[in-house]
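To start, the structure itself, in structure tokens.
Coordinate-derived values only; no laboratory data. All figures in this text were calculated on a predicted structure; none of them were measured in a lab. Cβ placement follows ideal geometry from the backbone for every residue including glycine, while neighbour counts extend to all protein chains displayed.
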Amino acid sequence: MTSTPVGMRCPECARERTRVTTGTAAFGRAGAIPVTYFLIAANVVVYLLEIGTGSGGLGGSGRMIFDYGLNAQLVASGDWYRIVTSGFLHANLVHILFNMYFLYILGQLLEPALGSVRFTALYFASLLAGSLGVIVLEPNTFAVGASGAIFGLLAAAFVVARGRRVDVIATQLGILLVINLALSFGIAHIAIGAHLFGAACGALCGLLIVAGDREILGRNRVPIEVAAISALGVAAAALGIALA
């Protein structure tokens with residue numbers, strides 16, 4: 001027998017080492033995040049174009065805001081593309097910095113864990129659901145920003161972390177989600193509909209992914225998850241256009 005800090009153990013047991021997995025490694029796996037970088041780059045390029053046309057930094061006004069921002073009446077008149085383009089516009093520097101910071105953090109967590117295809121489907125489904133929320137709850141406003149997609153990523157990350165029993169990360173994400181939803185109601189000029197509907201869509205997508213983890217969707221789970229998440233996005237877009 002061998003003396004160890006936890007008592008007497010046989011030589012074979014004393015040589016064993018317990019593998020402990022914590023943090024993001026337990027959530028998924030480390031890896032490249034090409035889609036996250038592409039989305040950040042796209043948002044930054046569009047914001048630079050806003051500045052060039054006198055929109056960015058002017059408190060949500062300017063040519064590009066009015067040409068491509070989300071407004072229910074203009075969507076109803078045929079500008080359906082606004083439900084997508086509005087998600088790449090930002091009202092000012094603080095707005096885009098806040099959203100891109102969260103996109104980078106959540107992208108590091110989710111894209112390696114889900115893969116780029118599922119991550120992309122999740123992002124755009126949440127973006128479209130956020131646009132639906134604006135049309136339903138705030139039809140008379142001009143809304144811009146990636147917040148609907150960001151809230152979708154945050155809610156999905158929380159659900160997936162809980163499903164995979166990474167309780168430390170899940171708790172942190174849950175607190176962050178609750179705080180940001182509370183701030184949505186406490187700060188003026190925030191698209192509450194985008195935050196609520198984006199988060200709801202992200203949570204649903206997270207549940208689909210957890211169902212796949214538990215083999216409820218069968219062995220060929222990833223294509224089914226991508227199709228289901230994409231269907232949520234298409235349904236949100238169609239419903240938004242119909243209700244505008």
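Going by C-beta contacts inside 10 Å, put 229, 51, 169 in order with the fewest on the left.
On the way: 229 29, 51 14, 169 20.
Ranking 229, 51, 169 by Cβ neighbours within 10 Å, fewest first, gives 51, 169, 229.
Using a/c under 1.5 as the rounded threshold, could you call region 178-240 rounded, prolate or oblate? The axes a ≥ b ≥ c are square roots of the C-alpha gyration tensor eigenvalues, and prolate needs a/b larger than b/c, oblate otherwise. Can you show the working numbers first?
Numbers: a/c = 5.45, a/b = 1.97, b/c = 2.76.
Oblate is the answer for region 178-240, as a/c is 1.5 or above yet b/c matches or exceeds a/b.
Pull up all non-local amide H partners of residue 54: gap of 5 or more, or a different chain, and H-to-H distance under 5 Å with H placed in the peptide plane.
When sequence neighbours closer than 5 places are left aside, there are no close amide H contacts.
If amide hydrogens are placed 1.01 Å from N in the peptide plane, which non-local residues have theirs closer than 5 Å to the one on residue 141?
72
With 10 angstrom as the radius, rank 124, 38, 151 by how many other C-beta atoms surround their C-beta, starting from the fewest.
Numbers: 124 21, 38 13, 151 30.
The order, fewest Cβ neighbours first, is 38, 124, 151.
Among 171, 184, 43, flag the residue with its Cα farthest along the positive direction of the charge dipole of region 29-243, charges on Cβ as +1 for Lys/Arg and -1 for Asp/Glu.
Final value for the positive-end residue is 171.
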